[in-house]
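Computed from the coordinates by the stated procedures, all read-outs in this text should not be read as laboratory data. Just so we're clear, the structure is a prediction, and the values are computed from it rather than from any experiment. Heads up, the Cβs are rebuilt from the backbone with ideal geometry, glycines too, and the neighbour counts pull from every protein chain shown.
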Amino acid sequence: MAAWSEAAKALFSHTAGQMTRSVKGFVFLGLALFPWGLLLLLQLLIWRGVPVGLGGSTLYGNLVVAYYMGFLIPLCALFFGVALIADEAEGGTLPYLFGRPVPRHVVFLAKFAGMESVLLAGTAVSMAGAFVLSNLEAGALGMAKGAGDFLMDLTAAWLGLLVYGALFSLIGLAFRRPLFWGFLVGFGWENLVAWLPGFLKRITILFHLHTLMPEHTEPKGLLNLLAASESKAAALAFLAVYGAAFLALSCVLARRIEAAHLEREG
């Protein structure tokens with residue numbers, strides 16, 4: 001058990017360090033810093049006396065709903081999640097990775113934890129900076145009043161990274177063209193069905209993330225009569241079940257990959 005623990009720690013550190021030094025890691029950094037550049041530009045216009053109709057908490061709320069939840073989180077979870085094991089297979093290093101005297105599910109979970117640590121930390125810093133830059137005009141008191149909403153947004157973002165990361169890691173293990181299927185699920189199913197009125201969107205992850213956010217993301221007017229709603233406790237339960245199921249299935253598939261590899265070697 002001690003050997004497993006040391007190996008898991010080494011894989012965790014290696015995966016996190018590899019992510020920060022990779023091309024995809026630098027792309028993630030650029031995408032995470034993009035809202036800062038946009039908000040700094042708007043602040044510069046405000047300081048120069050240019051009237052800006054959208055600002056403050058309204059702009060921050062739109063950024064969270066449209067950019068973070070609708071784009072950054074699923075995209076980064078997709079690119080890193082599907083590559084978690086697929087890159088090892090394509091690079092020919094999978095036999096060395098699974099050749100360690102460690103259960104395959106422990107190897108997978110250690111790499112998954114390393115990936116998530118980078119994504120969670122980067123997203124937290126990005127959203128914190130966006131929150132501060134959006135509320136410069138409100139001052140410290142205004143930021144303090146909005147701190148609760150920020151924490152709710154950050155919690156939803158972290159849950160999104162964990163569940164999407166588990167989903168796309170599963171897709172990376174299950175399909176030969178994981179990026180295609182990942183895009184189809186993440187930006188087809190999720191970003192279309194989650195906004196439709198009715199009950200079908202309960203099957204999506206994004207709908208449950210919307211429930212946890214303070215921003216208004218439900219349809220307005222007559223469409224609201226057909227819109228599904230749920231409590232925050234129900235949203236948390238759905239996300240927990242989804243995440244646990246995706247991780248459990250990924251562990252099963254990781255073991256099957258090893259079995260297939262042993263058969264070929266034999």
Calculated from backbone phi, Karplus (6.51, -1.76, 1.60) coupling profile of region 72-80 in Hz, x at Gly/Pro: 4, 5, x, 5, 5, 4, 5, 5, 7
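When you count, for each residue, the other Cβ atoms within 10 Å and take the mean per peptide, how do 58-68, 157-167 rank with the highest first?
For the peptides 58-68, 157-167, the packing ranking is 157-167, 58-68.
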Spin-label pair ALA144/SER117, simplified geometry with 7 Å Cα→Cβ offset, distance in nm: 3.5
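Can you tell me how region 87-202 classifies by the Cα gyration tensor, rounded, prolate or oblate, using a/c under 1.5 as the rounded cut?
Values: a/c = 3.02, a/b = 1.63, b/c = 1.85.
Oblate.
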Qualifying GluC sites (Glu not before Pro) in region 114-199, DSSP loop, other Cβ atoms within 10 Å at most 16: GLU137
Computed lengthening from LEU184 to LEU44, 0.36 nm per intervening residue step minus Cα-Cα distance: 46.6 nm
